[in-house]
Structures are given as C-alpha cells and as structure tokens.
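Structure record follows, encoded as structure tokens.
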Amino acid sequence: MDGGQREEMTAAAIARLAGVGRAAVSNWRRRYPGFPKPVGGSPTSPTFDRVEWLAWLYARIGQGLPAFGPPGHRPRISFVTLAELERADALRIRPRDATPREGDVLLRTLGRPPTVATGTNADDTGVAQIVEIDATRLDAHFVATFLRADVAALPVANTLGAVSREDLRRCRIPRMPLAEQRLYGEEFRRLLELDAALKALADVSGK
C-alpha cells in the first residue's frame, strides 16, 4: 500500500477483525456518537477508515470503569460462590453436552479462559462446562471475567485440562448490583475485542 493511501474496511470486515457479529458493529454506530463516520461505500454498505476505527476502539478502552479509591483505601467487597448463585436460581450449570446458547458462560478445555457464547458455531469448540446466566440478575461478561482468576488457580486432574463441575461451583465472583456488573462487563468485553483485533492485525502483518 502506498504511503498516503487510506485503507477502508466494511462493517463485515470490522466485525471479523474484532471477533464480533455484524450486529455488534451496528450497535456501536448507534450507541456511540464518536464512532468513525463512513468514508466511502454506499448507504447500505458503508466503508470506514481502518486507522480511524482502531483509534476509536483504543480510545474506548477503560471508559466507564468505576474509579479506584485513594491510595491505601480498600473497598469492602463480598464474594458469592457459583454454588450459592445456583441455589438462588441466578444461574444454572448445564450438562457439558448441551448446546450452548448466546449469553451462556463457557468454560473451555486445555486451560483456555472462560468466554461468553455468541450463538455461532465457534461456541461448540472445546466446551467443558456451560453456565446459563439469568440476565436479569447477572452480567455474563462480568461473570466470565471474574471466573478467570479462580479457574486459572484450580488444579486440573484430567487430560482435557478442564475444571470439574464441583470445582466450578466453588469459584467466586464479587457480589455487586447488576448495574455495576454491567459497567465492568462492558469494559471487559471491549478489552477482549481490542485484544482480538490486535491479534488479527499481528497475524495479517506476519503474512
């Protein structure tokens, strides 16, 4: 590509690069006034400047997270186990051979971190446990992110490198109102989107 030439991307290309569906890109355009304006294409299939889009995505990271307290300040946070949440019907640990549904939290094999199901074929790969979330009480991205630390610390005693149902029930997440969960969950989701985009760029650059 020549020095001053702009590289344009369709919404579909942005979705692939960020590892999300096209509906997510449409939501970004509606929700965030600062989302880059189209630079070409057509009204039904606009294109966007690649550099402008990556700059926008980077700028979004960290916005909306609750502020930390002053040095030495330790907020009092209580935790709740997944077993307690299951008894309260806030979630349900489904059989591992069940079909994942969009919004489920997926525990993966081979030591891979928990993720949130997207409703695509990618959800069916290497699933060890499926956690069905009551979206009126819990934010799936919040749950998946805070499970990462506990799951990573658990000893794995099987060849799949997967956490057992009993160990999963002992895992804990912070006890927070749903509104605060969503603040964290949204920012964690953006971080994952940026990470996926950067990995995709690295793959393209290496070819």
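We did not get these values from a lab; they are worked out from the coordinates using the rules stated. It should be emphasised that the depicted structure is a prediction, and the values quoted were computed from it without experimental measurement. Because the Cβ atoms are built from the backbone with ideal geometry, glycine has one as well, and the counts that use them run over all protein chains shown.
If a paramagnetic tag sat 7 Å from the Cα of Arg112 along the Cα-Cβ line, which residues of the stretch 125-141 would have the backbone N under 14 Å from that point? Taking a point 7 Å out along Cα→Cβ of Arg112, the residues of the stretch 125-141 whose backbone N falls under 14 Å are 125-130. In the distance distribution for the stretch 79-176, Cα-Cα pairs more than 23 Å apart total 15 percent. The slack in the chain from Ala149 to Asp97, taken as 0.36 nm per residue of separation less the alpha-carbon distance, amounts to 16.3 nm.
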